[in-house]
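Asks: The structure's right below; bear with me while I get my questions together.
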Amino acid sequence: MYYVLYIDVLFLENLLLDYLLLTITARLMKLSAGRLRRILSAALGSLLLCLVYVYLPECPRLTFLLLHTGAAAAMVWLSLKPGSMRILGKALLLLYLCSFLLGGIFGWLQSYLRLPVYPFLGLSLASYWLLSLGMSWLMRFRQKEQHIYSVTLGFRGHTLKVRGLVDTGNGLRDPVFGKPVSILTAELKDALCGTEGVLYYPVPYRSIGKSSGLLPGFYADFLQIETGDGSIRSIERPLLGVTKEPLSSKKEYDILLHPALLEQNKEGRTAHRTILRRK
């Protein structure tokens with residue numbers, strides 16, 4: 001039995017699927033990937049697959065799997081720029097997981113929908129939309145359970161976007177003015193401040209196994225928290241404590257936010273609105 005393979009159709013179909021998979025993976029991994037870079041990387045992955053089908057049509061299954069994995073790794077590396085082998089491996093596993101889920105959704109839609117024009121294109125886009133919607137819902141649910149938010153820090157013209165965990169056990173405050181203290185690592189502080197000089201402010205603290213100590217802190221220009229409802233809460237001149245210890249072994253977050261920041265900002269915003277009404 002012989003099958004007719006249209007190489008142009010195979011290339012375009014894989015180009016579309018690879019682009020959709022790279023888009024989902026980039027969103028889930030929170031990696032910056034421009035649209036043009038994703039398109040070119042998807043075209044490269046589709047081209048490599050077509051070359052395998054043309055020049056190695058009867059290669060062993062293991063060889064095909066290795067070639068396919070190599071092409072996917074090259075595609076992920078060029079489009080997402082993971083920066084390390086660990087992140088590359090994580091992104092590659094996520095890409096294959098999304099590919100498996102996308103294929104399952106595609107098959108399910110194919111059994112229920114009958115599209116008269118361009119069925120592959122329509123089913124692919126519908127499958128991508130459903131998968132993207134489900135993944136976004138799971139990520140929002142997970143972040144809500146862990147109280148992890150997207151945070152933007154500013155210091156003397158430098159801005160840095162990180163992930164922050166609202167630590168309900170963090171009761172650290174400035175003993176003089178009572179300002180809440182959020183905690184970030186020394187590595188993150190260097191990335192934010194760069195070569196700018198920092199005036200440290202000693203903050204006394206207590207922890208398990210240590211009755212007292214001084215945590216170096218400094219005032220940033222602003223701190224913005226993107227909440228789950230889409231609003232942005234801004235805190236001017238937040239006090240940030242610097243620690244040399246890692247905050248998360250899995251690097252799920254970069255800064256420990258004081259829980260009073262959200263409440264404090266709500267009160268400040270309400271008072272500001274009241275002043276506007278009085279005027």
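Asks: Taking the Cα-to-Cβ direction at E196 and at S84 and moving 7 Å from each Cα, how far apart do the two end points lie in nm?
Replies: Between E196 and S84, the label points sit 2.6 nm apart.
Asks: Right, next: Taking amide hydrogens as modeled 1.01 Å from N in the peptide plane, which residues meet the under 5 Å criterion relative to D167, leaving out close sequence neighbours?
Replies: So D167 has HN proximity to L257.
Asks: How much net charge surrounds L240 when only the other residues with a Cβ under 12 Å from the Cβ of L240 are counted, with Lys and Arg +1 and Asp and Glu -1?
Replies: 0
Asks: Still on this structure, please answer the following. I need the chymotrypsin sites (Phe, Trp or Tyr not before Pro) found in the range 1-90, filtered to DSSP loop residues with at most 14 other beta carbons within 10 Å of theirs.
Replies: When the chymotrypsin sites (Phe, Trp or Tyr not before Pro) of the range 1-90 are filtered for loop state and at most 14 Cβ neighbours within 10 Å, Y2, Y3, Y6 remain.
Asks: Next question. Report, in listed order, any pair from K81/K161; K90/K179; K30/K179 with a Cα-Cα distance greater than 27 Å.
Replies: Listed pairs above 27 Å: K90/K179; K30/K179.
Asks: Testing the spin-label approximation: label points 7 Å from Cα along Cα→Cβ at L93 and T152. State their distance in nm.
Replies: Taking the two extended label points, one gets 3.3 nm.
Asks: Quick one: length gained pulling K161 to V54 fully straight, 0.36 nm per residue minus the C-alpha distance?
Replies: My answer for the length gained is 34.0 nm.
Asks: I would also like to ask the following. How do M85, M29, M75 stack up against each other in accessible area, from largest to smallest, with a 1.4 angstrom probe?
Replies: Ranked list, largest accessible area first: M85, M29, M75.
Asks: Something else: Beyond 23 Å, what share of the Cα-Cα pairs of the range 1-111 remains, rounded to the nearest whole percent? Before the final figure, lay out each step's value.
Replies: Numbers: 1809 of 6105 pairs.
Roughly 30 percent, once rounded to a whole number.
Asks: Once the piece of chain linking L113 and D221 is laid out straight, how much longer is it, given 0.36 nm per residue of separation minus the C-alpha distance between them?
Replies: Between L113 and D221, full extension yields an extra 33.5 nm.
Asks: Another question about this same structure. Taking θ = phi - 60°, what integer Hz values does the Karplus form 6.51 cos²θ - 1.76 cosθ + 1.60 yield along the range 32-47, in sequence order, with x for Gly and Pro?
Replies: 7, 9, x, 4, 5, 5, 5, 5, 5, 5, 5, 5, 5, x, 5, 5
Asks: Taking the simple approach of a point 7 Å from Cα along Cα-to-Cβ for both W77 and S231, what is their distance in nm?
Replies: Simple spin-label model gives 4.6 nm for this pair.
Asks: Give the separation of the Cα centroids, the range 79-94 to the range 1-53, in Å.
Replies: 17
The values are calculated or read from the model by the stated rules, or taken from the named source; none is laboratory data. The shown structure was predicted, so the numbers you read here are calculated from the model rather than taken from an experiment. With ideal geometry, Cβ positions are generated from the backbone for all residues, glycine too; neighbour counts draw on all protein chains shown. In case anyone asks, the SASA skips ligands and DNA or RNA and just uses the protein heavy atoms, side chains included. Shrake-Rupley method; radii C 1.70, N 1.55, O 1.52, S 1.80 Å.
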